[in-house]
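Below is one structure, written out as structure tokens; comments come after it.
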Protein chains: 2
Amino acid sequence: MARQTRQKDAIVAALRAHGEFVSAQQLHQALEDAGEHIGLATVYRQLNALADSGEADTVRLDGQQLFRLCGTGHADGDDGHDGAEPRRHHHHLVCTSCGKTVEIDPPGEQWLRTIADRHGFTIESHTLELFGLCADCRKKQDDASDAS
Amino acid sequence: MARQTRQKDAIVAALRAHGEFVSAQQLHQALEDAGEHIGLATVYRQLNALADSGEADTVRLDGQQLFRLCGTGHADGDDGHDGAEPRRHHHHLVCTSCGKTVEIDPPGEQWLRTIADRHGFTIESHTLELFGLCADCRKKQDDASDAS
DNA sequence: CTTTTTGCAAATCATTTGCAACTGA
DNA sequence: TCAGTTGCAAATGATTTGCAAAAAG
């Protein structure tokens, strides 16, 4: 069902190359720069497809949606069961200055279950995002505020 | 600096009445229903003002921003230093069906600190949102899927 | 050839803003 | 009076979608 196209490849490549989270717009721009003239709509479509299939991870920062390759692995062999579950949940630690992103460990699924139970909820998904400054940016910022 | 206007009151009232998170659009609609003809733009402006002043809490679900009165408190006396810190962080449990929202306890600030430390980050803010179905909606949905 | 994918532009959607008319303190 | 506030409509910005042309299998 999924055909292999130049643009799809380019998008995944760009995504992989970038490593961190990027907005569709940014990625589109990057592709332009790289000489790959791909429609913005296609970038969006592809990105969403990746997110839905679970190959990409997404976060919503401010008003935009950012994407990043998930396992950075890639298609391994094949698997018989494909996703019935769309977008996964994420746990990220994002530097608000340089954008560096780190995956973090889940905050005890145990705790999660407890909360859900207590309120009679059935958890479908959850997001946890920590925003702050990474060591480097922290230093830079200190220096900056030091100057007048 | 902040004048008291009919619309501002109506908005806060509607917000308080609703209790849970609402989108600007929803709130605007509600006001219309209540006979209060207030410009959508004004609703947005007011809502943002409330959020900035810390009187309202906000979450981003999907592509919209939802608001809810925060401490139900209000401006205390006056203060010389005005906000350097805009919007706070939240911990919510939201029903994706009826919108019911429950405040939940933080997932161990301890754990948070550990993560931050390990990666050399200085956490500025964080968001944690759990989405799922509350008991009621879960039942309803089961029934529905039961019918063909 | 048949179906998926692309492209582009027009369409949405939520939110913001310009600016003149308005109104509360 | 006069600055903060409102309204409406037009402007934005991100993302989506309609549809015919291009490409993959």
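Rounded to the nearest whole Hz, the Karplus-based 3J(HN,Hα) values (6.51 cos²θ - 1.76 cosθ + 1.60, θ = phi - 60°) of the range A:51-62 follow the sequence 5, 5, 7, x, 6, 10, 10, 9, 9, 10, 10, 6, with x at glycine and proline.
When you restrict to C-alpha pairs under 8 Å that are six or more residues apart and normalise by the size of the range B:1-74, the relative contact order lands at 33 percent. Here the 3J(HN,Hα) profile of the range B:43-48, calculated from phi with Karplus coefficients 6.51, -1.76 and 1.60 at θ = phi - 60°, is 4, 4, 4, 4, 4, 5 Hz, Gly and Pro shown as x.
No lab work stands behind these numbers, since they all come straight from the coordinates. The structure presented is a predicted model; accordingly, all values stated were derived computationally and were not measured.
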